Amino acid sequence: MFRKLTDKVYASPQIGLDDVARAADEGFTLIINNRPEDESPDQVPGNVIEAAARAAGLDYVAIPVTHAGFSEPQVVAMADALSGEGKVLAYCRSGTRSTLLWTLAEASRGVSPDQLAGAAAEAGYDIAPVRAIADMLAARSQ
């Protein structure tokens, strides 16, 4: 299930090959994989998703996030990936890490954490685990 964060950015639990085709049909231009490889035996490997995405004409980038948390290079990489014009689908196991990394990337570009929290909540996600960092990043970007 693709969950809308903005008109341009969606988060999703683990995707499969059918989801890649659906993303292409729905006008996505980039898939961001926020899931580390071998996190679970049932996940579709990133290189398989990447090959399917590229075959469907989509760009693909991997910014894996483990349960250890987020780093500045990951936030920068996510902000860079989101800076394009097209529609983006970010996924991980549940969509939560993708949403939290999106929050940090957008806050680092000055987007209001309140606005980000509202958008995430509408999609069924809670940014509380990164709210203090988002507040700091947003304040720093002012």
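If packing is taken as the average count of other Cβ atoms within 10 Å, what order do 120-133, 3-16 fall into, highest mean first? Present the calculation step by step, with values, prior to reporting the outcome.
Details: 120-133: 16.2, 3-16: 18.4.
My ranking of the peptides, most packed first, is 3-16, 120-133.
In segment 1-81, which GluC sites (Glu not before Pro) are in a loop and have at most 12 other Cβ atoms within 10 Å, using DSSP for the loop call? It would help to have the intermediate numbers written out before the result.
Details: sites: E26, E37, E39, E50; in loops: E26, E37, E39.
Answer in residue order: E26, E37.
Please report the relative contact order for the chain, taking Cα pairs under 8 Å with a sequence separation of at least 6, and give it as a percent rounded to a whole number.
Working: 231 pairs, mean separation 41.1, N = 142.
Here the relative contact order equals 29 percent.
In cubic angstrom, how much convex hull volume per residue do the alpha carbon atoms of segment 39-97 span? Show your work: numbers first, answer last.
Numbers: hull volume 5.5 nm³, N = 59.
Dividing the Cα hull volume of segment 39-97 by its residue count gives 93 Å³.
Using helices alone, what [θ] at 222 nm do you get for the chain, with -39,500 (n - 2.57) per DSSP H run of 4 or more residues, divided over all residues and rounded to the nearest 500? It would help to have the intermediate numbers written out before the result.
Details: 6 runs with 64 residues, N = 142.
Helix contribution divided over all residues of the chain: -13500 deg cm²/dmol.
Could you work out the local net charge near V48, counting Lys and Arg as +1, Asp and Glu as -1, over the other residues with Cβ closer than 14 Å to its Cβ?
Details: positive: R35, R54; negative: D18, D19, E37, D38, D42, E50.
My count for the surroundings of V48 gives -4.
Taking every pair of alpha-carbon atoms in the chain, give the share separated by more than 26 Å as a whole percent. Spell out each step's value before the answer.
Numbers: 1680 of 10011 pairs.
Value for the chain: 17 percent of Cα pairs lie more than 26 Å apart.
5 Å is the cut-off here: which amide hydrogens, built 1.01 Å from N in the peptide plane, fall below it relative to G95, excluding neighbours closer than 5 in sequence?
Q14
For A62, what residues show an amide H to amide H distance below 5 Å, using hydrogens built from the backbone and excluding near sequence neighbours?
The answer is N33.
Starting from the eigenvalues of the Cα gyration tensor, five times each then square-rooted, give me the equivalent ellipsoid semi-axes of segment 7-64, largest first, whole Å. Could the numbers behind the result be given before it?
On the way: eigenvalues 64, 29, 21 Å².
Ellipsoid semi-axes (Å, largest first): 18, 12, 10.
Only the coordinates and a few stated rules stand behind these numbers; no lab work does. Here the structure is a predicted model, which is why all the values come from computation and not from measurement. Using ideal geometry, Cβ is built from the backbone for each residue, glycine included, and neighbour counts are taken over all protein chains shown.
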